[in-house]
Structures are given as C-alpha cells and as structure tokens.
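The values are calculated or read from the model by the stated rules, or taken from the named source; none is laboratory data. Quantities reported herein were computed from a predicted structural model and do not represent experimental measurements. Every residue, glycine as well, gets a Cβ built from its backbone with ideal geometry; the counts of neighbours run over all protein chains shown. Surface areas here come from the heavy atoms of the whole protein model, side chains and all, with no ligands, DNA or RNA. Shrake-Rupley method; radii C 1.70, N 1.55, O 1.52, S 1.80 Å.
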Amino acid sequence: MNDLLAAFGLSGLKPFLGTLVMPPVPLLLLAAWGLWRMRRPEAQRSGSVITWTALVLLWGLSTPLAGNALLDLLAPSPPPLGAAEIARLQRAPQTAVLVLGGGRKALAPELGMADLKPMTLQRLRYGAWLARQTGLPLAFSGGVGHGATPGPTEADVAQRVAAQELGQPLRWVESRSRDTRENAAFSLAMLRAQGVRQVVVVTHGYHMPRALAAFERAARHAQWPAASFVAAPMDLHPHRPGVSWGDLVPGPEGLAATWLALHEWLGRLAGA
C-alpha cells in the first residue's frame, strides 16, 4: 500500500488516511451513525446497539490494560541491549549507531527556533549515550514528515541538539526521509558509501519491528547482503504482575498506547 501511494504521488495523504482509520475517529463516526439511525422508530434498537458498541469499544481501547496488551501483541519489542552486547559493540569495525527521527516542531516559541519532539529527543539521547559507551560514530535519519509544517529538517535540529546539548556531535545526517521506509533506504545508501556494514538501529521498542523490517527490505532492494543490523530499542515498559483498577480507567495514556500499537501494525501491513 505504501509503495502504491508513492507510485501515484499520494504519499502526502498518509496523515489524512491514518486519521480516518485510527482511533478514536472510526469509533466516533460509528457512534454518530448509531445516533442518526435512532431518529427512525424502526431503527432505534439497532441504532442503540451500534452507539453503545462504539462507546464501549472507545472506553476499552482508552484503558492502559487494552493499550499495553495491544502493544505486546501487535508491536512486540526485542529486548534491550545488555552489558555484554554493548561490550561487544565497543569500537566494532565498520559499525555506526543510527538514530531514527520521530518528528520535530517547526517552531518552539520558548526557544525561538525549531526543536525536536519529545519522542525524537528520547531516541537521540539514548543514541548519544550508546555512542559514548561504545566509541562508535553517531548518525541520524529524519527529514520533514508527510503533512508536517515546512521548515528545518529533523536532521538539522538533531545536529544542533546533539552537539550543543548532548555533547555528542553527529558524524552523518540523512535529511530527506519522510517515513520509516525512507529512513531505511536513504540512510543505508549514505552509510554504505561511508564504509559502514553494521548498523545499530535506535528507536522506540514498539517501532523496532517495523524499522528492522524496513532496513532488511531496503538492504535486499539495494542488493547489499553484507549489511547487518543490531536492534537497540529504548523506552521499554516492564511488565507488571496483575491488574489494578487504574488499568481499567480510560485516559490519554491508554488511548496513546492503543494508537501506537495499531499504527505500527497497519504500518507493517502497508509496507511503510
């Protein structure tokens, strides 16, 4: 699906299409349809069932219990890098740490300039830490996403933040990519030209399965069988035993977890 949109020059519609199929919009539309049906006496029963079904689903999908369960099911993360894995990466030849962008703000009023979104800053911070621990060069991939406000690219902002705030300058930046598929294709071409053969991919745990699939697919398309990838997921959530009442209360965190799980699952299905 992603390749089809790109072939017809419709990649810019991805944010709009995503909004239509991701919660809460479909459930709100379903509830509205049920209420509309209830205006007719002969359809009141079915309209009531449709409306209540939509509301119950919206409640359930907004709970931490459902959100975390969907993340585990639809976007399972590989384990974090342990001390032994980090030790093996220390000054490994032809290896680079690559941070994938996750969005930027075209203008942060308090700074008077563009800034990284919290998700991107989290990834960059962990990537910088990992580069210091291993002595490996640090790279970043991210341009201006589909439908985003024009302005400096993620890579431009990340380069400034890495050098001035994290004290870990970027060796290479890729600033053309608009999504995960392009992150993989463009950054692999850049790193291959620099003699890199092993890429330590840094991104959120829930995003890692889709990211690794994109990199492996890009390596096949580039006919580069020598490329290898190491998963360095971050922001992992430990499993808690049992269920508390708070896990059943709907809220923004639960809905965000559900949204992320469905976004990653649909993204893998679409080849994005």
Leu136 open to solvent by less than 50 Å² (accessible area, probe 1.4 Å) and within 22 Å of the chain's Cα centre (by Cα): no
Any hit, the range 72-85, residues being part of a helix (DSSP H, G or I), closer than 30 Å to Gly246 by Cα and of a type in the set (A, V, I, L, M): yes
Within the range 106-120, tally of residues that are within 15 Å of Thr153 (Cβ to Cβ) and under 15 Å from the mean Cα position of the chain (by Cα): 3
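One line per residue, one yes/no per condition, for (1) of a type outside the set (S, T, N, Q); (2) more than 12 Å from Pro64 (Cα to Cα); (3) open to solvent by 40 Å² or more (accessible area, probe 1.4 Å); (4) modelled with pLDDT of 95 or more:
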position	(1), (2), (3), (4)
Asp235	yes, yes, yes, no
Val243	yes, no, yes, no
Gly246	yes, no, yes, no
Ala257	yes, no, no, no
His263	yes, yes, yes, no
Ala270	yes, yes, no, no
Among (1) closer than 28 Å to Leu55 by Cα; (2) open to solvent by 10 Å² or more (accessible area, probe 1.4 Å); (3) of a type in the set (Ser, Thr, Tyr), the one test that Ser228 misses: (1)
Search result, residues across the range 162-197 that are outside any helix (DSSP H, G or I), open to solvent by 10 Å² or more (accessible area, probe 1.4 Å) and farther than 30 Å from Leu262 by Cα: Glu165, Leu166, Gly167, Gln168, Pro169, Leu170, Arg171, Trp172, Gln194, Gly195, Arg197
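Quick grid of which residues meet (1) open to solvent by 70 Å² or more (accessible area, probe 1.4 Å); (2) at pLDDT 95 or above; (3) under 17 Å from the mean Cα position of the chain (by Cα):
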residue: Pro41; (1), (2), (3): yes, no, no
residue: Val49; (1), (2), (3): yes, yes, no
residue: Leu71; (1), (2), (3): no, no, yes
residue: Ala83; (1), (2), (3): yes, yes, no
The lone exception for Glu216 - which of (1) open to solvent by 60 Å² or more (accessible area, probe 1.4 Å); (2) closer than 26 Å to Ala96 by Cα; (3) not in a helix (DSSP H, G or I) it fails: (3)
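Please work out which residue is least open to solvent (accessible area, probe 1.4 Å), limiting yourself to the range 51-65 and to residues that are of a type in the set (A, V, I, L, M, F, W, C) and at pLDDT 95 or above.
So, considering only residues that are of a type in the set (A, V, I, L, M, F, W, C) and at pLDDT 95 or above, the one least open to solvent (accessible area, probe 1.4 Å) is Ala54.
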